[in-house]
Structure formats: structure tokens, C-alpha cells
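First the structure, in the form of C-alpha cells, and then the observations on it.
The values are calculated or read from the model by the stated rules, or taken from the named source; none is laboratory data. Computed from a predicted structure; not experimentally measured. All Cβ positions, even for glycine, are placed from backbone atoms using ideal geometry, and neighbour counts span all protein chains on display. These accessible areas exclude ligands, DNA and RNA; they are computed on the full protein's heavy atoms, side chains included. Shrake-Rupley method; radii C 1.70, N 1.55, O 1.52, S 1.80 Å.
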Amino acid sequence: TELSHIRNFSIIAHIDHGKSTLADRLIQQTGGLTEREMSEQVLDNMDIEKERGITIKAQTVRLNYTARDGETYELSLMDTPGHVDFAYEVSRSLAACEGALLVVDAAQGVEAQTLANVYQSIEHDHEIVPVINKIDLPAAEPEQVRAEIEEVIGIPADEAVLASAKTGEGIEEILEQIVQKIPPPTGDRDAPLKAMLVDSWYDPYLGVVILVRVIDGVLKKGLNIKFMQNGTQHLVDRVGCMRPKIEQLEELGPGEIGFITAQIKEVADTAVGDTITTVKNPAPEALPGYKEVQSVVFCGLFPVDAADFDKLRESIHKLRLNDASFTFEMESSAALGQGFRAGFLGLLHLEIIQERLTREYDLDLITTAPSVVYKLSMTDGTEMELHNPADMPDVVKIAKIEEPWIKATVYVPDDYLGPILKLCQDRRGIQKQLTYVGGRAQLVYELPLNEVVFDFYDRLKSISRGYASFDYEAIGHREGDLVKMNILVNAEPVDALSMIVHRAAAETRGRHMCERLKDLIPRHLFKIPVQAAIGGKVIARETIGAMRKDVTAKCYGGDISRKKKLLEKQKKGKAKMREYGNVSIPQEAFIAALKMG
Ligand code: GTP
């Protein structure tokens, strides 16, 4: 296809503003989908995505559109993930396009996520086509939203398309503006091949499928290609595009977006952002912007039933085939047995993996409290990264502990500002900015990531009744007064419950944990102290009173079969108990204690 007839664009929108519905409409209007197929959202193709309404994996569709000028254009719509955890993937998708549709809900207006994405899009020199969606809603205030786009985002919106992805109104105008306003790509067909690896996924029939954007040169079947970052070579065996159904093509030329397969077995063998070139005539340098994936949040994953360990191992390996962005290694815990320590891009990513393991692989899991990555400087001059509180070295050997910080942007209606300021303050936040736009406040805070991973987002949503939006970026590590808090049951530390906390918050956290455990651990024949301690110093304590009677006592003289049953039950319960300083703790107690963060 001639460069002048290609348009590559993505859609940026806040969650629920109608990105997927609009994408489906565009596909339908250009003939890629029938009305019946339209009823299924095609771009979100995983069950979990559908239920959560979140686009996890990027997908791309090629549309042919005959414009009012009589020419037929090849439009590639790049769907981008809508969550901060996947910011790098988003940045690569944006780098593959020349423009973006900015979709804003006519009833909701501009949200934090929208802002963050628009700025990113502008950084990629995109031409932005604003679309005010859901104008069919009674609460729609398109003119107010138009003014807001100009005022808050600072781009002209006088030609913003008023549309409804639901009724189909304005869809043709959107296609027309894509052709007229978004510039065609540039590229050199005769230069050495340079294509960006935008995304990859595992397909049971095709193996690993790679989404690419060709910058220079031509990608063809039979070509020997090389991934410049990891140096591996592959033979291209398929070239094509999605409409959204798969269609094989002869080639992908400069400016084109499409897919290739090359008998690659694992998604982990491909790196998003890598440059693909040919073995014979390689490009002199790779494309800019490549970054290695880095796990931000870690947690332990253990099977509730120890017998399920092999199944867990198998399932984790299978999942990893399709998602190279999470990492894992074996971990063994005295409390929870054999399991894995896994790393994720963020909290949502963690939840998605956890849910897929539970649902798709039918596993009962215990997830330990999420932890961020700490940097330790030791007294002997060495440095280490700490992913697991249980691995914390002796305090006397540590010179300095640094924790990751983030810059958070919260966008919230005025009415909820007070409690949100308090929440940020309670989480050791440093206020950087507070500005008002219309009836809304835009808050910028610097926060320790550690204080955000537990329940910050949930709290934010509940305080603001869902109206606040939240977005963040990492801003590096800073020294903190951090300590490891151990939980001791009958004087013995329980590894799965130790955590790293800020010294000022340790006592409160410790007290909560002890109170919870007091309710969760059954009584024994003796008194059991439950303590929270930093080093040798106890900072909180509860005591579980002694049990007065034998379980079977009330059956004495009674029905013998009932007594047997009780003993049987007790024995079964024991199987899932863990011993700590002579105390049997039911596995459920760990799960419950960990669940509450
Ligand atoms: P994420 O994938 O979570 O980012 O959401 P999204 O932006 O893709 O939103 P989606 O297309 O899933 O739409 C969210 C909700 O808004 C759905 O219930 C849609 O049916 C509805 N919706 C989308 N467009 C319109 C519209 O023009 N009018 C009305 N009334 N509802 C719409």
C-alpha cells in the first residue's frame, strides 16, 4: 500500500468512556463485522477482560475505508491497554501510530487517565482527533465537555466529533477526520528492514504471533529475521493482518501494521519494543525507546492444598507462555509450604494473574501481602534488592534502606477533596500541586509505592464513590525509615506474615495484625501470646486464652459414633494446620490474615 493511503491510529480514553464499543462500530461501519458479530465485543477477547471491562492485551485491526474524496484508505486501529500497569506497552503502541482518537464521555468529562494518555500521545507527536462520545445519554453535556477539552488538555476542540458509539451517530465523520487530519506514515522501502515489535501473544494454532509496525524495508514470508535486543534469529513463515479475522498477506511494507509468525515457542522469547531486522542486510541501529520489563510488585503464591503444588507449577509455566511480563521463582515458606515468589508490573497485573490461575486453572491459592522492591545498602559496601520481607538480612548489616516512590495524579470532584487529602497525607504523601478545573480538583502527590499497593486505590474509589481517578508513574527510590516487623505466635516468628513497614506505622499495623490473629487462631490447652516485634522489641501483643475442655467432653456418655466423627473431623483439620511453637494454626487463619492486608 502506498504510504499516502495509510493511516495508523490508536484510541485513548478513560476506562468506560466507550473505547471498545467505538472500535467495534468503526470495524462494523467499514465492513469488518456483521451486526451479529458486533453484539460481541471483539477487541476484548479474554473472558476476564469482558467481565472487568478492561482491555489487557493490545489488538489491532485493519479497516478499508472509502472516503468522501473517492479514495480507499487502509486504516490500522491499534487498541491499547487501559491501565497504568501497562504504561510501557501503551507507549510502544503509541509509537507505532501517527495519530489518536481522544474519546471523552459526554456525561463524565475529562479524567486523570485521559490526561495522562493524551500527554503521552502528544509526546509521540500524534495528531489528536477529539471525539465526544455517548451524546445519546440524557446527562450528556457535549458543549461543556468541548470547553473542558480545550481548557484542561489544551487542544482545539471546535471540530470535535459529537458521536454515539451506541447509536452509530458521528461514526462516519470520525472516519473522515481520521483520513483528513492524521498524517500518513513515512518510510523507505529500499532501506534495510526496521520493524518494531509492538506486542506478542500465544495462539494455540499459530504459536507466538507478533504484532509489528514496519518503519523501513519490507517484511515477507521466507525472510530470515533477527531481533536486535536479544540477538535471536527466526524464519518468517506467515505475514498478515487482522480485519479482525486473520488474513494472510504477501508482505508488510513501510508504514504498515500487521502480524508475523516465525515458529517462536514462547512469548518470553519476544521483547516488546525490540527492533526486527534482516540477517542479511541488518539495520545499523535499533529503534529508540526500548525498555526491559521490570517487576514492580512481588507476592508469594502458594497452593492451599500442598498436593496441588505440581499443578500450580504447571499452570504458572503455561500462563507465562502468554505473558512474559510476570516473573517467578520457587519459594518455600514454613507456614505455607512450597510455592512461588512472583513479580508483576503492578497491582492490577497481580490480580489478573491470580484470577486466571484460580479460574482458568481451577487452583485454590494463598497470596501473601504484596511487597515492593527495596534497595538495601549494606555496611560492607555492597548493595542488594529485596523482593521478599522474609529475606531481609540482619539489621546491623544494613546501612540504608530505600523504597520506591511514585508521582500520583488524582482527579476528583470538589466535594470529596477533603477526605482524599487526608488519605494521601496518612499514606506519607507529599503534596506537590493542587489546581482546580471547573468543579474538579487535580491533585499531584508524591507517595511511597509501599503505601499504595495495599488498598489505596480501593480506598480512593470508596471515599469518592467511584468519582476519583488515579494515575501514577515511578519516580525512583528514596531513603526511608523502614523496618521489618515480625509476627510471633507463642514466641516463634511466622515467616509468611512478616512485612516491611515504615517505623511510624509499625505499631498500628502490628496491633491490627495481632487482634486479627487472636480471633483467627483457635484456643489451645495453654495460653498463646501473639506478638508483633521489630528485631527483639515487642511493639504489640494479644493473648489467646486457654481452652477449658476437651472437644469431645460434651459427648462423654453419649453417642459413640458422634464422638468418632468429631475426632475424625479434628484429624482432618490437623492436616491443614501448621505448627508454630506448639501451636496449630489453621491454614485459613493465614489466608484470612493476609487477605485483610
Ligand atoms: P475499557 O475497555 O474498560 O477501557 O472501557 P471502554 O472505554 O472500552 O468502554 P466500553 O466500550 O466497554 O464502554 C463502556 C460502557 O459504555 C459500556 O456499557 C458501553 O455499552 C457503554 N457505551 C459505549 N459507548 C456508548 C454510547 O455512545 N452511548 C451510551 N449510552 N453508552 C455507551
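Applying 1/(1 + (r/R0)^6) with R0 = 45 Å to the Cβ-Cβ distance of Leu235 and Ala139 gives a FRET efficiency near 0.20.
When Leu235, Leu365, Leu22 are compared by accessible area of protein heavy atoms, the largest-first order is Leu235, Leu365, Leu22, using a 1.4 Å probe.
Principal semi-axes of the equivalent ellipsoid, √(5λ) from the alpha carbon gyration tensor of the stretch 311-397, are 28, 15, 11 Å from largest down.
The long axis of helix 417-426 is offset from the longest Cα principal axis of the chain by roughly 60 degrees.
Which of rounded, prolate, oblate describes the stretch 425-535, given a ≥ b ≥ c as roots of the alpha-carbon gyration tensor eigenvalues and a/c under 1.5 marking rounded, otherwise prolate only if a/b is larger than b/c? Provide the component values of the computation, followed by the final result.
On the way: a/c = 3.74, a/b = 2.09, b/c = 1.79.
Prolate.
In whole percent, what relative contact order does the chain give with Cα contacts below 8 Å and a gap of six or more residues?
On the way: 1255 pairs, mean separation 55.2, N = 597.
Relative contact order for the chain comes out at 9 percent.
Look at the Cα gyration tensor of the stretch 160-311: its axes a ≥ b ≥ c give a/c of at least 1.5 with a/b at or below b/c, and that counts as oblate.
Of Thr327, Thr409, the residue with the largest accessible area leads and the full order is Thr327, Thr409 (1.4 Å probe).
If you count only protein heavy atoms with a 1.4 Å probe, what accessible area per residue comes out for the stretch 451-554, rounded to a whole Å²?
Working: 5440 Å² over 104 residues.
Per-residue value: 52 Å².
The phi torsions of the stretch 161-175, fed into the Karplus equation with coefficients 6.51, -1.76 and 1.60 and a -60° offset, translate into couplings of 7, 8, 9, 9, 5, 7, 8, x, 5, x, 5, 5, 4, 4, 4 Hz, rounded to whole numbers, with Gly and Pro shown as x.
Residue separation times 0.36 nm, minus the C-alpha to C-alpha distance between Glu173 and Lys537: what's the value? Kindly include the intermediate steps, with their values, before the conclusion.
Values: separation 364, 0.36 × 364 = 131.04 nm, distance 6.89 nm.
Contour length minus Cα-Cα distance gives 124.1 nm.
Once you list every other residue whose beta carbon is under 14 Å from the beta carbon of Glu123, what net charge do they have if Lys and Arg are +1 and Asp and Glu are -1?
Values: positive: Arg92; negative: Glu98, Asp125, Glu127, Glu473.
Once all neighbours under 14 Å are counted, the net charge is -3.
An oblate overall shape is assigned to the stretch 202-257, the ratio a/c of its alpha-carbon gyration tensor axes (a ≥ b ≥ c) being 1.5 or greater and a/b not exceeding b/c. Surface composition of the chain: carbon and sulfur make up 48 percent of the accessible area, probe 1.4 Å.
What's the local net charge at Leu206, with K and R +1, D and E -1, over the other residues with C-beta under 10 Å away?
-1
Between the Cα long axis of helix 112-123 and the first principal axis of the chain there is an angle of about 50°, rounded to the nearest 10.
Considering only GluC sites (Glu not before Pro) in DSSP loops that have at most 13 other Cβ atoms within 10 Å, the longest stretch of the chain without any of them is 293-597.
Across the stretch 120-218, Cα pairs under 8 Å and at least six residues apart give a relative contact order of 22 percent. Can you work out the PRE-style zone for Leu321? Point 7 Å along Cα to Cβ, and I want the residues of the stretch 240-276 with backbone N under 14 Å. Counting backbone N atoms under 14 Å from the label point, the list is 264-269. When nucleic acids and ligands are ignored and a 1.4 Å probe is applied, Ile174 ends up with an accessible area of around 0 Å².
For Gln433, what charge total do you get from the other residues with a beta carbon under 15 Å from its beta carbon, if Lys and Arg give +1 and Asp and Glu give -1?
Details: positive: Lys407, Lys432, Arg440; negative: Glu446, Asp471, Glu473.
Computed value for this residue: 0.
For the chain, divide the Cα radius of gyration by the Kirkwood radius and give the resulting Rg/Rh value with two decimals. Show your work: numbers first, answer last.
Numbers: Rg = 27.7 Å, Rh = 26.9 Å.
Answer for the chain: 1.03.
For Asp481 and Asp305, what does the FRET efficiency come to when R0 = 35 Å and r is the distance between their Cβ atoms, rounded to the nearest 0.05? Don't skip to the answer; put the middle values down first.
Numbers: r = 40 Å, r/R0 = 1.14.
E between Asp481 and Asp305, to the nearest 0.05, is 0.30.
Modelled spin-label separation between Lys461 and Asp269, with each label point placed 7 Å from Cα along the Cα-to-Cβ direction: 3.8 nm.
Quick one: longest stretch of the chain between exposed loop chymotrypsin sites (Phe, Trp or Tyr not before Pro), exposed meaning at most 12 other C-beta atoms within 10 Å and loop per DSSP? Walk me through the numbers before you get to the answer.
On the way: sites that count: Tyr205, Phe526, Tyr556.
With a cap of 12 other Cβ atoms within 10 Å, the longest stretch comes to 206-525.
Projected label points at Asp125 and Ile155, each 7 Å from Cα along the beta carbon direction, are separated by 1.6 nanometres.
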